[in-house]
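These notes are about the structure you will find just below.
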Amino acid sequence: MADSRFFSVAGPFTLARLAEISGAELAPGADPAAEFDDVAALDQAGAREVSFLDNRKYLPAFAASKAGAVIIHPDMADRAPAGMALLLSKDPYRAYAKVAQAFYPRPAVEPWVAPTAFIDPAAKVGEGCRIEHGAVVYAGAEVGARCHIGANAVIGAGVVLGDDCLIGANATVQFAVVGRNVNVYPGARIGQDGFGFAMGPQGHLKVPQLGRVIIGDNVEIGANTTIDRGAGPDTVIGSGCMIDNLVQIGHNVQLGRGCVIVAQVGISGSTRLGDFAAAGGQAGFAGHLTIGMGARVAAQAGVVKDVGPGETVGGTPAVPQMEWLRQSAALSKLVRRKG
């Protein structure tokens, strides 16, 4: 059970209601009227708690689990302990996410403006917002309804935030137009100068960065991530993107819808990622590349050329996955042979 000092649980919910919420089906013999109080891991759940299984690696934990109900793929249902209620889903993890959100909904914003916050008279703040201590909202900024601006966060001049945004403590948002339901975690930096210089032996001359950062709806931007504004064209983050902590996104980068960018990824200027592309932790992208829709880049890969739609690449320099695996196997054989 989650620590009640930090999280407030809703419910209880009947099994029938949980099936409705998750889109799962009740397995034969499950009691639709049975009530459940919380979610928990397989090895920690009790009789009134719900868990899930989406990886065969955890079948032993599933077989030994005391959970009252488990969300599971139909193909693994026959491994269930006697008496366990099953919610059958072809995508158990997604179904579990819906159930967990029901038990732990995002808290409603309690409207309040701290006495130490500063809101410029020329800024507009929508109804139902919460502005924490030390936060600053500059002239010309427009903050949508029910937004939560964390302590010491800064909303720059002219910035537009859509409704229901959460800007974490110490984050800064400048030169940006942000959609609805965007979650910017603490310490993130959005819209600062792009890294643009005219280089030469007589010295490096700064190129003014005259673009913006355009962020779609339902985006998450992790703690201490930085997103540079464009040099002239805008930097664009498509709707539904999930960006982890400590990511660097350079000027003029464009992410399509639903991209997933894992921690410590660096994307150099003017590179474009298609819809639902994904990059594993510490992957690096050279500038001016095109990464196709649905492409996947393995952790720590170094991408120096375009990647086609749906292609999976890994290694440095990044190559198609099967070639990367063959290279790794060949290198391993060479090392063993030398020894």
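We did not get these values from a lab; they are worked out from the coordinates using the rules stated. Every value quoted in this text rests on a predicted model; they were computed, and no experiment measured them. Ideal geometry is used to build each Cβ from the backbone, glycine not excepted, and the neighbour counts take in all protein chains shown.
On the Cα set of the chain, report Rg and Dmax in Å, please.
23.9, 80
What pairs from Lys57/Lys90; Lys57/Lys98; Lys124/Lys206; Lys98/Lys124 go past 26 Å between their alpha carbons?
Table pairs above 26 Å Cα-Cα are Lys124/Lys206; Lys98/Lys124.
Got a sec? How would Arg212, Arg336 order by Cβ neighbour count within 10 Å, fewest to most?
Arg336, Arg212
Within segment 87-102, list the residues whose amide N lies under 18 Å from a label point set 7 Å along Cα→Cβ of Ala77.
Flagged as within label range: 87-96.
Order these peptides, 248-259, 273-284, 97-108, by their mean beta-carbon neighbour count within 10 angstrom, highest first.
Result, highest mean Cβ count within 10 Å first: 248-259, 273-284, 97-108.
Using the number of other C-beta atoms within 10 angstrom as an exposure proxy, rank Tyr96, Tyr58 with the fewest first.
So the residues, fewest neighbours to most, are Tyr58, Tyr96.
List Phe6, Phe118, Phe285, Phe13 from most exposed to least, where exposure is judged by having the fewest other Cβ atoms within 10 Å.
Ranked by crowding around the Cβ, least crowded first: Phe6, Phe118, Phe13, Phe285.
Starting from one equal scatterer on each C-alpha and no solvent at all, send me the Debye-based log10 I(q)/I(0) for segment 171-339 at q = 0.11, 0.13, 0.20 Å⁻¹, two decimals.
Debye intensities relative to I(0), on a log10 scale: -0.47, -0.62, -1.21.
Debye sum, Cα scatterers, segment 13-103, no solvent: what log₁₀ I/I(0) at q = 0.17, 0.18, 0.22 1/Å?
The Cα Debye sum returns log10 ratios of -0.56, -0.64, -1.02.
Using only alpha carbons, build the gyration tensor for segment 85-225 and give me the equivalent ellipsoid semi-axes, biggest first, whole Å.
33, 23, 12
Provide the per-residue ³J(HN,Hα) series for segment 7-13, in order, calculated from phi with Karplus coefficients 6.51, -1.76, 1.60 and θ = phi - 60°, each as a whole number of Hz, with x at glycine and proline positions.
Each residue's phi maps through the Karplus curve to give 10, 10, 8, 9, x, x, 10 Hz.
Could I have the simple spin-label model distance between Tyr93 and Ser332, label points 7 Å from Cα toward Cβ, reported in nm to one decimal?
2.4
Mind ordering 149-155, 40-46 by average Cβ neighbours within 10 Å, highest first?
149-155, 40-46
For the chain, with only Lys/Arg (+1) and Asp/Glu (-1) charged at the beta-carbon, what is the dipole magnitude about the Cα centre, in debye rounded to 20?
Rounded to the nearest 20 debye, it is 1320 debye.
Would you kindly derive the ³J(HN,Hα) couplings of segment 168-179 from the backbone phi angles with the Karplus curve 6.51 cos²θ - 1.76 cosθ + 1.60 (θ = phi - 60°), listing them in order in whole Hz, with x for Gly and Pro?
x, 4, 6, 7, 10, 10, 10, 6, 9, 10, 10, x
Among Glu220, Glu25, Glu142, which one moves the most in a GNM of the chain with springs linking Cα atoms closer than 10 Å?
Among Glu220, Glu25, Glu142, the largest GNM mean-square fluctuation belongs to Glu25.
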